[in-house]
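Engineer: Submitted below is the structure of interest, expressed as structure tokens.
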Amino acid sequence: MAQKILVVDDQPKNVKLLADILAVKGYEVATSESGADALAQMRGAPPDIVLLDVMMPGMNGYEVCRAVRADPLLRALPVVLVTALDPTERIKGLEAGADDFLTKPINQPELLARVRSLLRVKEYHDTIQAQALELRQWNEKLEQRVKDQVAQLDRLGRLKRFFSAQLAEAIVSGGGEELLKPHRREITTVFLDLRGFTAFTEAAEPEEVMNVLAEYHQLVGSLVTEHNGTIEHFAGDGMMIFFNDPMALPDAPQSAVRMALALRERFTALRAQWAKRGYELHLGTGLAQGYATLGTIGFEGRRDYAAIGSVTNLSARLCGEAKGGQILTNRKTLGRVETWVRSEAVGTLSLKGFPQPVAAFNIVGLRE
């Protein structure tokens with residue numbers, strides 16, 4: 001694309017002379033015979049360089065030059081003053097903002113040399129401006145990306161309150177808000193409870209209670225994450241976990257039982273440490289399989305992920321009947337895992353909220 005030069009002179013013959021010289025060299029030439037018209041042209045379609053006569057009626061070249069330098073969109077535009085005045089007048093031109101001068105009568109080689117020189121400067125300026133714009137755009141994109149990542153981390157932090165880290169990251173990266181809407185699914189629930197906790201809290205200092213809970217929750221949390229479970233809620237020493245939601249597991253009952261057995265084993269070591277400090281605490285576990293409605297509950301600013309259904313009540317009631325170290329389940333759930341676990345019947349239990357007695361079984365361990 002040809003570079004554009006604006007020639008400004010109130011004498012038509014001078015305009016034609018300059019325009020002809022420049023056009024022959026392949027430049028696009030625009031012309032004007034007054035300062036006011038030249039400014040209007042510059043603001044409408046800025047040229048790459050201006051050849052500006054000094055002595056013109058109305059608005060002279062100095063005034064046009066000062067107006068150009070005062071305009072934020074034009075202030076970088078190269079301006080060459082064309083004058084027959086004494087060289088001392090050039091100081092006035094420099095003060096007005098001129099970049100270079102040509103003396104009348106025009107010397108053609110000098111004209112072309114000065115035009116080429118200033119056009120190179122203009123190209124450098126345009127390149128710098130383009131790079132600055134590109135850098136600004138990149139900075140804006142980077143800032144937006146950082147904001148998006150901060151928002152994503154915030155969402156991830158909220159989700160990690162009740163999901164494993166891997167699951168929370170999967171939900172965030174997949175835009176999985178749909179997973180959190182109310183839905184029905186078959187799940188395996190595990191309810192945990194510390195036996196002797198009430199008596200312990202009555203005798204122990206609050207700081208001791210908080211330390212015990214922190215150790216207990218840390219142990220449970222690591223195993224829930226390891227087995228891809230979802231923590232529904234903490235209630236002091238009680239905790240409810242479910243499997244197969246919000247993302248499906250190939251065998252939720254097996255994952256739940258393996259977590260419960262691993263927890264019982266590791267809890268033995270933790271319980272021994274507590275016993276040395278004089279804390280007598282045991283772990284009871286209830287486990288059940290069934291359908292529930294799941295989704296977020298709460299209000300803006302405070303929400304939890306919950307499972308609602310008889311299966312949650314069943315696991316809680318079984319947990320309530322479990323002795324320290326027992327993992328109690330019902331016949332239906334045992335049927336899903338009995339081929340690879342050892343169990344023992346503990347009889348039928350009358351559980352609150354269940355009209356019929358429930359046959360209960362203690363999961364002892366894995367089959368060899």
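Engineer: Once you wrap a convex hull around the alpha carbon atoms of the chain, what is its projected area averaged over all directions, in nm²?
Structural biologist: On the way: hull surface 132.2 nm².
One quarter of the hull surface, i.e. the mean projection, equals 33.1 nm².
Engineer: Can you list the aspartates and glutamates whose alpha carbon is less than 20 Å from that of Lys323, not counting same-chain residues fewer than 8 positions off?
Structural biologist: Result set, ordered by chain and number: Asp193, Asp237, Glu265, Glu280, Glu344.
Engineer: Step through the residues of the stretch 341-349 one at a time and calculate ³J(HN,Hα) from phi using the Karplus curve (6.51 cos²θ - 1.76 cosθ + 1.60, θ = phi - 60°), rounding each to whole Hz and writing x for Gly and Pro.
Structural biologist: Running phi through 6.51 cos²θ - 1.76 cosθ + 1.60 with θ = phi - 60° gives 10, 9, 9, 9, 6, 10, x, 9, 10 Hz.
Engineer: Let me check I have the definition right: for the stretch 165-366, take the eigenvalues of the Cα gyration tensor, multiply each by 5, take square roots. What are those semi-axes in whole Å, largest first? Please list the in-between numbers first.
Structural biologist: Working: eigenvalues 134, 102, 53 Å².
Values for the stretch 165-366, descending: 26, 23, 16 Å.
Engineer: Anything over 24 Å Cα to Cα? Flag those among Lys181/Lys352; Lys4/Lys92; Lys16/Lys92; Lys332/Lys352; Lys25/Lys122; Lys4/Lys104, in the order listed.
Structural biologist: Details: Lys181/Lys352 30 Å; Lys4/Lys92 26 Å; Lys16/Lys92 27 Å; Lys332/Lys352 18 Å; Lys25/Lys122 18 Å; Lys4/Lys104 22 Å.
Over 24 Å apart, Cα to Cα: Lys181/Lys352; Lys4/Lys92; Lys16/Lys92.
Engineer: Could the peptides 202-208, 257-263, 26-32 be put in order, highest first, of the mean number of other beta-carbon atoms found within 10 Å of their residues? Present the calculation step by step, with values, prior to reporting the outcome.
Structural biologist: On the way: 202-208: 11.0, 257-263: 21.1, 26-32: 16.7.
My ranking of the peptides, most packed first, is 257-263, 26-32, 202-208.
Engineer: Dimensions of the stretch 4-130 along principal axes (Cα, Å, largest first)?
Structural biologist: 37, 32, 27
Engineer: With θ taken as phi - 60° and the coefficients 6.51, -1.76 and 1.60, list the Karplus ³J(HN,Hα) couplings across the stretch 351-368 in order, rounded to whole Hz; mark glycine and proline as x.
Structural biologist: Working through the residues one at a time gives 9, 4, x, 10, x, 9, x, 10, 6, 10, 9, 9, 7, 7, x, 7, 6, 6 Hz.
Engineer: HN-Hα J couplings of the stretch 140-146 from phi, Karplus 6.51/-1.76/1.60, θ = phi - 60°, integer Hz, Gly and Pro as x?
Structural biologist: Each residue's phi maps through the Karplus curve to give 5, 5, 5, 4, 5, 5, 5 Hz.
Engineer: Within the stretch 3-49, which trypsin sites (Lys or Arg not before Pro) sit in a loop by DSSP and count at most 10 neighbouring Cβ atoms inside 10 Å?
Structural biologist: Details: sites: Lys4, Lys13, Lys16, Lys25, Arg43; in loops: Lys25.
Passing both the DSSP loop test and the Cβ count: no residue.
Engineer: Using amide H atoms built 1.01 Å from N in the peptide plane, name the residues 5+ places from Arg195, or on other chains, whose amide H lies under 5 Å from its own.
Structural biologist: For Arg195, the qualifying residues are His282, Leu283, Gly284.
Engineer: Please sort 110-122, 139-151, 314-326 by packing, taking for each peptide the average over its residues of neighbouring beta carbons within 10 angstrom, highest first.
Structural biologist: Working: 110-122: 15.8, 139-151: 10.2, 314-326: 21.4.
Sorting 110-122, 139-151, 314-326 by mean packing, highest first, produces 314-326, 110-122, 139-151.
Engineer: Tell me, what is the FRET efficiency for Glu338 and Met247 to the nearest 0.05, using R0 = 35 angstrom and their Cβ-Cβ distance as r? Kindly include the intermediate steps, with their values, before the conclusion.
Structural biologist: Values: r = 26 Å, r/R0 = 0.74.
According to the calculation, E is roughly 0.85.
Engineer: While we're looking at this one, here's another question. Suppose the chain between Glu208 and Ser350 were pulled fully straight at 0.36 nm per residue; how much longer would it get relative to their current alpha carbon spacing? Numbers along the way, then the final one.
Structural biologist: Working: separation 142, 0.36 × 142 = 51.12 nm, distance 3.55 nm.
Length gained between Glu208 and Ser350: 47.6 nm.
Engineer: With labels modelled as points extended 7 Å from the Cα through the Cβ direction, what inter-label distance (nm, one decimal) is found for His233 paired with Arg184?
Structural biologist: 2.3 nm
Engineer: Students often get this wrong: which residues of the stretch 26-57 have the backbone nitrogen under 17 Å from the point 7 angstrom along Cα-to-C-beta of Glu89?
Structural biologist: Of the residues in the stretch 26-57, 34-35, 51-57 have backbone N under 17 Å from the label point off Glu89.
Engineer: Just to be sure I understand the model, the point goes 7 Å from the Cα along the line to the Cβ. What's the resulting Leu133 to Val364 distance in nm?
Structural biologist: 8.0 nm
Engineer: Among Ser350, Ser34, Ser255, what is the fewest-to-most ranking by other Cβ atoms within 10 Å? Mind showing how you got there, number by number?
Structural biologist: Numbers: Ser350 11, Ser34 16, Ser255 19.
Arranged by neighbour count, lowest to highest, Ser350, Ser34, Ser255 become Ser350, Ser34, Ser255.
Where a number appears in this text, it was derived from the coordinates with a stated rule and is not lab data. Keep in mind it's a predicted model, so treat the numbers as computed, not measured. Virtual Cβ from ideal backbone geometry, glycine too; neighbours counted across all protein chains shown.
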